[in-house]
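The values are calculated or read from the model by the stated rules, or taken from the named source; none is laboratory data. Keep in mind it's a predicted model, so treat the numbers as computed, not measured. Cβ placement follows ideal geometry from the backbone for every residue including glycine, while neighbour counts extend to all protein chains displayed. Heavy atoms of the whole protein, side chains included, go into the accessibility calculation; ligands, DNA and RNA do not. Shrake-Rupley method; radii C 1.70, N 1.55, O 1.52, S 1.80 Å.
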Amino acid sequence: MRWQGQRIDETDAQALPGMENRTGFLRTVTTPEFAGMTFHEVLAKSALNHVPGPSKMPFNWTVNPYRGCSHACVYCFARGTHTYLDLDAGRDFDSQIVVKVNVVETLEKELRRGSWKHETVALGTNTDPYQRAEGRYRLMPGIIGALADSGTPFSVLTKGTLIRRDIPVLVDAAARVPVDVQLSIAMFDETLREAIEHGAPSTQARLDTVRALSDAGFRVGVFLMPILPHLTDSVDAIDGALRRIKEAGADHVIYGALHLRAGVKPWFLQWLSQHRPDLLSSYRVLYPGSAAEAPKDYRRWLARRVKPLIRMHGLEARHSDDRPLRRSMSAPAEPVTNAMPLWLFEQPAAEPAAPSRFGAPRAPEPMPTLF
């Protein structure tokens, strides 16, 4: 196990930056204030992470002060990264949190380099920078300040309502550099939210945070993703979500279907087998084998459903696939056409209404027969 190789006279080139040897390992902390959680405090050798060239992300640089996330979202795409530490992508990801305690000082040094080109830095791309650990370690004000002081634009994506603590810091930064702020809000049925992202703040608390940020002058974006097939993709669910997002003062919405990488798929399917076993076979067809994305036909069907509703609510229509690539900057959008007959996606439900574990009974949503 890589954690056992943290000896002064031994290095591990594959270990997390700052944990190659004992000089980078500070201590492991547990505290009654965060029952059930363990914090592994490390010294990071670098703070700025360069996004690999082949990535489709629209930014080149990220900063992640934490690894692992107490929000415990079953569908989180970053779960697989915990296996690099010989920890599992399930419970360990939720409770064994790596904290880069020197990230601010390291970032300040890197931003002072003559080679730094002041490209946009994304915060919250791997695990949430405003998860519960931030309440203890308070790393984000220093990170925000370092970026603004150096003239570096940045974006923040979070589920955490703790960002409200830093609104004055963000306002000050926005007076000097471009700052983009986004809230991730995917579940608008509170019973479902508690089951699938039980460590995250409530939906209403996040909507209140959108309002607070909007009132502070930010054009707040909301990530309505992942949209879960058969669970959150009905017209009523999407329409209700967009109405509440608009009422909270959001400027625009980015949406996308569930993405199941190899590291998260087993945990999500395990959750599904416990909470919605009736949908397990459908998901195995939607995400067969090593497939991470929902089928293109489903994503096109979803676009036809979501985009008119976004327009109706006066929110700028965006999709996660529509964001420009870093190098092409203006990659042409894929045309939305039907590779399958439209009636396959809209045939009437043949089954009677069935009780739902998450909310009141409702009729099955019309979906393609192949799902």
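Remarks
- Failed item in (1) open to solvent by 20 Å² or more (accessible area, probe 1.4 Å); (2) within 20 Å of ARG276 (Cα to Cα); (3) more than 14 Å from the chain's Cα centre (by Cα), with PRO229 passing the rest: (1)
- Per-region count, the stretch 172-218, residues in contact with an Asp or Glu (Cβ under 7 Å, 6 or more places away or on another chain) and closer than 21 Å to ASP239 by Cα: 3
- Identity of the residue in the stretch 27-54, farther than 20 Å from SER115 by Cα, of a type outside the set (Gly, Ala, Ser) and assigned to a loop (DSSP other than H, G, I, E, B), that ends up least open to solvent (accessible area, probe 1.4 Å): MET37
- Exactly one residue among VAL181, VAL171 is closer than 30 Å to ARG112 by Cβ and under 16 Å from the mean Cα position of the chain (by Cα), and that residue is VAL181.
- Restricting attention to the stretch 253-308, the residues that are within 17 Å of the chain's Cα centre (by Cα) and under 22 Å from ILE185 (Cβ atoms) add up to 13.
- The set of residues in the stretch 100-110 being touching a helix residue (DSSP H, G or I) at 6+ places or on another chain (Cβ under 6 Å) and open to solvent by 10 Å² or more (accessible area, probe 1.4 Å) consists of VAL104, GLU108.
- Of the helices (runs of 4 or more DSSP H) contained entirely in the stretch 233-298, those carrying at least 1 residues that are more than 28 Å from ALA205 (Cβ to Cβ) and in contact (Cβ under 8 Å) with a residue 12 or more places away in the chain fall at 265-275, 280-286.
- Members of the stretch 169-194 that are touching a residue at least 40 places away in the same chain (Cβ under 8 Å) and more than 19 Å from GLN131 (Cβ to Cβ): VAL171, ALA174, PRO178, ASP180, PHE188, ASP189, THR191, LEU192
- Given (1) touching a residue at least 12 places away in the same chain (Cβ under 8 Å); (2) over 22 Å from PHE93 (Cβ atoms); (3) open to solvent by 40 Å² or more (accessible area, probe 1.4 Å); (4) part of a helix (DSSP H, G or I), index of the condition GLU119 fails: (4)
- Pair list, Cβ under 9 Å, 6 or more apart: the stretch 142-168 residue under 11 Å from THR209 (Cα atoms), other residue among the β-branched types (Val, Ile, Thr) and not in a helix (DSSP H, G or I): THR158/VAL181; LYS159/ILE185; ILE163/VAL156; ILE163/VAL181
- Hey, MET37 modelled with pLDDT under 90, within 19 Å of the chain's Cα centre (by Cα) and within 25 Å of TRP267 (Cα to Cα) or not: no
- Wholly within the stretch 125-201, helices (runs of 4 or more DSSP H) carrying at least 1 residues that are open to solvent by less than 10 Å² (accessible area, probe 1.4 Å) and under 20 Å from LEU258 (Cα atoms): 190-196
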